[in-house]
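Below is one structure, written out as structure tokens, with a few remarks after it.
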Amino acid sequence: LPVALLEAGARAVIASPAPVDDREAGPFFAAVRARIREGASPAVAVRGGRGELGEGARWAASVLVFE
């Protein structure tokens, strides 16, 4: 699916093959989108989001960036 989205023109695809905690997903991805809008690359934005969640959010380690 990520390849199809990239071929269709997406700049990047951010996804996780693992289950994502519903309570933390909204704030995590909102922060990632905000960083990207501010000029960060998608990979840097995801790394920053992981740092904010801390080690308790193990699901965030499975978030992948396809560019």
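The values are calculated or read from the model by the stated rules, or taken from the named source; none is laboratory data. These numbers were taken from a predicted model, which means no experiment stands behind them. In this analysis, Cβ positions are derived from the backbone assuming ideal geometry, glycine residues included, and neighbour counts consider all displayed protein chains. Protein only, heavy atoms only, side chains kept; ligands, DNA and RNA dropped before computing areas. Shrake-Rupley method; radii C 1.70, N 1.55, O 1.52, S 1.80 Å.
What are the residue pairs meeting all of these: first residue in the range 55-67, first residue farther than 16 Å from E24 by Cα and part of a strand (DSSP E or B), second residue of a type in the set (V, I, T) and open to solvent by 30 Å² or more (accessible area, probe 1.4 Å), Cβ atoms under 9 Å, and 6 or more apart or on different chains?
From residues that are farther than 16 Å from E24 by Cα and part of a strand (DSSP E or B), the pairs are L64/I14; V65/I14; F66/V3; F66/I14.
Please go through the range 49-67 and give me each residue that is open to solvent by 70 Å² or more (accessible area, probe 1.4 Å) and small (G, A, S), ordered by number.
Hits for the range 49-67 are G56, A61.
Among what's in the range 18-32 and is out of contact with any Leu (no Cβ under 8 Å at 6 or more places or on another chain) and more than 19 Å from L1 (Cβ to Cβ), pick the residue that is surrounded by the fewest Cβ atoms within 10 Å (Cβ to Cβ). Working first, answer last.
First, the residues of the range 18-32 that are out of contact with any Leu (no Cβ under 8 Å at 6 or more places or on another chain): 18-23, 25-27, 29-32.
Still in the list and also more than 19 Å from L1 (Cβ to Cβ): 21-23, 26-27, 30-31.
Values: D21: 14, D22: 7, R23: 9, G26: 10, P27: 12, A30: 11, A31: 16.
Per the stated criteria, the residue is D22.
Working only within the range 6-21, note down all residues that are outside any loop (DSSP other than H, G, I, E, B) and free of Cβ contacts under 8 Å to residues at least 24 places away in the same chain.
From the range 6-21, those outside any loop (DSSP other than H, G, I, E, B) are 6-7, 13-15; that's our starting set.
Hit for the range 6-21 is E7, nothing else.
Could you list, in sequence order, all residues of the range 32-48 that are farther than 13 Å from A60 by Cα and either outside any loop (DSSP other than H, G, I, E, B) or of a type in the set (S, T, Y) (or both)? Let's see the steps before the verdict.
Just the residues of the range 32-48 that are farther than 13 Å from A60 by Cα, to begin with: 33-42, 44.
Those that are farther than 13 Å from A60 by Cα and either outside any loop (DSSP other than H, G, I, E, B) or of a type in the set (S, T, Y) (or both): R33, A34, R35, I36, R37, S41, P42, V44.
Quickly run through the range 36-67 and pick out the residues that are within 14 Å of A18 (Cα to Cα), at pLDDT below 85 and of a type in the set (G, A, S). Steps first, please.
Quick first cut of the range 36-67, residues within 14 Å of A18 (Cα to Cα) only: 57-65.
Still in the running and at pLDDT below 85: 57-58.
Passing the criteria: only A57.
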